[in-house]
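The values are calculated or read from the model by the stated rules, or taken from the named source; none is laboratory data. Please read all numbers here as calculations on a predicted model, not as lab measurements. For neighbour counting, all protein chains shown are included, and Cβ atoms are generated from backbone atoms with ideal geometry for every residue, glycine included.
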């Protein structure tokens, strides 16, 4: 395999590539890089299939501009946000395979699995409350001079500090 795929890239190269890809994404699709929106719409689609009318919840009254057309046309599983999420997952898989880094790992313990699940749920819920994850709220907000992005980043740092303390105390 090509030598430059095997070695870690400098942070500035990765950051530059992500910036270029974000600009291309905005130019081509008209949206910046959002991750949790796709998962939100998949969740709504699953709940709708289970018989709940999640798309009629009050939350979506406030987000009609962003999600109204997708919900109205019942495109909850195939839309620009979902395609972006699938592309990120496939791109990560391809990069991992090209670098020969793909491997299955056994889950260390049930406690690790429970903490990972709870952490993922809390991160997803927090991302919706913050109107985006670290990508949408921070990397999209800072360049547009949004005050919310700076406040978001302060709490990300605090959350990472608390999370590290929890990991050290209970898992390591």
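Structural remarks
- From the options 75, 85, residue that is in a helix (DSSP H, G or I) and surrounded by 13 or more Cβ atoms within 10 Å (Cβ to Cβ): 85
- Those residues of the stretch 5-24 which are at pLDDT below 80 and more than 18 Å from residue 143 (Cβ to Cβ), in sequence order: 5, 6, 7, 8, 9
- Test result for residue 167, surrounded by 12 or more Cβ atoms within 10 Å (Cβ to Cβ), out of contact with any strand residue (DSSP E or B) (no Cβ under 8 Å at 6 or more places or on another chain) and in contact (Cβ under 8 Å) with a residue 60 or more places away in the chain: no
- Output for the stretch 96-143, where each listed residue is part of a loop (DSSP other than H, G, I, E, B), within 21 Å of the chain's Cα centre (by Cα) and touching a residue at least 40 places away in the same chain (Cβ under 8 Å): 132, 133, 140
- Residue 98 being in contact with a helix residue (DSSP H, G or I) (Cβ under 8 Å, 6 or more places away or on another chain) and assigned by TED's automatic domain parsing to the domain that holds residue 8: yes
- None of 38, 30 is closer than 24 Å to residue 125 by Cα and either surrounded by 13 or more Cβ atoms within 10 Å (Cβ to Cβ) or at pLDDT below 85 (or both) except 38.
- Hey, residue 138 surrounded by fewer than 12 Cβ atoms within 10 Å (Cβ to Cβ), modelled with pLDDT under 85 and outside the structural domain of residue 66 (by TED's automatic domain parsing) or not: no
- Hey, residue 93 modelled with pLDDT of 85 or more and in a helix (DSSP H, G or I) or not: yes
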